[in-house]
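Written out below as structure tokens is the structure these notes cover.
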Amino acid sequence: MKALFLLLLVAVLPARAAMDITRELVAPEHVTPGQPMTIAVTFWTDSWFNPPPEWPEFEIKNGALMTTPLPNQLLSRHKDGLSWSGVRLERQVMAWDQGELLLPATEITLTSASQAPVTVPLPELKKAIVWPQGVKQPDRFLPASRLTLSQKMTQFHASNDDTLHAGDVVERTVTVDAGGITATQIPQILYAIPGTDTQRLTPENTLLKSGRGEIDGARRVEKLRYLPSQAGSIVMPPVKLRWWDTTHQQWQVAELPGATLQVAAARAAGSESALRGTTTENHWRTALIIAAFVALAMVVWLARRLLWRSLKYLHHIWRRFWAPVHLPKLTPDKRGER
């Protein structure tokens with residue numbers, strides 16, 4: 001009986017959950033400035049997390065954490081004969097200049113409900129950051145694991161013909177898909193050309209995700225509208241983008257062909273007059289307003305007697321409302337005669 005009691009007592013005792021934390025820097029052998037790396041922090045327990053893990057605060061030298069959202073991962077391991085469950089939190093980190101990315105050694109205190117705090121030491125992590133040979137413009141340096149360029153040219157005509165005239169619009173759209181990079185690192189690609197006015201639309205930046213929802217790269221869509229101002233020809237220059245291939249550790253050049261478009265003279269003034277002629281809707285609007293006033297005047301004239309009586313009645317009610325009301329005197333007039 002005593003043995004059974006002891007077994008029940010042991011079974012209902014609260015479990016002393018063990019906790020641990022690890023930190024690692026996931027990066028290739030050669031890292032250049034502007035190339036994203038991953039910091040992974042994994043929380044471990046042989047029981048359950050209460051409260052759930054949150055990203056810890058620690059110092060990063062010569063680098064900065066990115067705001068790109070990365071999905072959390074659930075892991076498991078066997079250590080010291082125990083089964084551990086883990087939650088892996090990841091953030092991207094990036095260095096903007098040559099040097100050494102350093103995560104100094106630190107200590108993190110883990111807390112859990114009904115448990116004593118546990119302090120875990122984390123060793124330092126560091127990674128060398130080096131510019132590749134042949135960098136010409138550091139401000140336009142573009143490291144990527146892969147990169148593709150595509151374009152589309154669309155003409156907008158003022159009439160239904162297929163001829164490009166002065167005053168029409170040509171829109172050039174260039175799409176850049178790059179892996180292992182953020183969209184803000186992709187430099188401006190399209191510029192104004194002589195003989196046209198230009199209208200730059202706001203670039204569209206989106207994230208490229210893999211099948212499991214992980215961030216795989218970025219897409220930048222850039223649009224520029226050309227407005228030819230005179231007859232002749234406009235030359236769309238070819239696009240060349242030099243980028244550093246972080247997968248093969250070599251320079252690559254992505255290219256898009258240009259185009260030459262013939263521009264006819266502006267359309268005849270008669271067409272413009274015809275367009276202006278379509279504005280006769282304003283005359284119809286004026287005629288409708290005049291007709292409405294005439295109809296209102298006729299209604300007033302036909303109902304003039306009823307309106308006059310109504311006005312007199314309202315005037316009578318108004319005067320009656322504001323007419324003074326005589327109140328009885330508060331003191332008798334003949335009080336002194338008694």
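The values are calculated or read from the model by the stated rules, or taken from the named source; none is laboratory data. Source: prediction; values computed, not measured. Quick reminder, even Gly has a Cβ in these numbers, built from the backbone with ideal geometry, and neighbours come from all protein chains shown. Calculation scope for accessible area: heavy atoms of the full protein, side chains included, ligands and nucleic acids excluded. Shrake-Rupley method; radii C 1.70, N 1.55, O 1.52, S 1.80 Å.
Between rounded, prolate and oblate, where does the chain land on the alpha carbon gyration tensor, with a ≥ b ≥ c its root eigenvalues, rounded for a/c under 1.5, else prolate if a/b exceeds b/c?
oblate
Using R₀ = 56 Å, calculate the FRET efficiency as 1/(1 + (r/R₀)^6) where r is the Cβ-Cβ separation of His78 and Gln188; round to 0.05.
0.60
Looking at segment 155-217, which trypsin sites (Lys or Arg not before Pro) are in a loop (DSSP not H, G, I, E or B) and have at most 12 other Cβ atoms within 10 Å?
Taking segment 155-217 and a limit of 12 other Cβ atoms within 10 Å, the loop trypsin sites (Lys or Arg not before Pro) found are Arg212.
Find out how many positive minus negative residues lie around Val221, taking Lys and Arg as positive, Asp and Glu as negative, among other residues whose Cβ is under 11 Å from that of Val221.
Result for the neighbourhood of Val221: +1.
What relative contact order, as a whole-number percentage, does the chain give when Cα pairs under 8 Å and 6 or more residues apart are counted?
RCO, the chain: 12 percent.
Given a 1.4 Å probe, how much area per residue of the chain is accessible, in Å²?
Solvent-accessible surface per residue comes out at 69 Å².
Choose one answer from Leu224, Leu74, Leu190: the residue with the largest mean-square fluctuation in a GNM of the chain with alpha-carbon springs under 10 Å.
Leu74
Would you mind getting me the FRET efficiency between Arg242 and Asn50? Use the beta-carbon distance for r and R0 = 51 Å, nearest 0.05.
0.45
Pairs on different chains or at least eight residues apart, Cα atoms closer than 21 Å: how many lysine pairs in the chain fit?
6
Taking Rh as the Kirkwood radius computed over C-alpha pairs, what is the Stokes-Einstein D of segment 58-183 at 4 °C in a medium of viscosity 1.567 mPa s, expressed in µm² per second?
Diffusion coefficient, whole number: 63 µm²/s.
Over the chain, with a Gaussian network built from C-alpha contacts below 10 Å, which listed residue (Leu102, Leu302, Leu164) shows the highest mean-square fluctuation?
Leu302
For the chain, with all protein chains present and a 1.4 Å probe, just round the carbon and sulfur fraction of the accessible area to a whole percent.
58
Taking the chain as a Gaussian network, where each spring joins two C-alpha atoms under 10 Å apart, which residue of Ala192, Ala291, Ala268 fluctuates the most?
Ala291
Working out 0.36 nm times the residue gap between Ser310 and Thr202, then minus their Cα-Cα distance, what length gain in nm do you get to one decimal?
Contour length minus Cα-Cα distance gives 32.5 nm.
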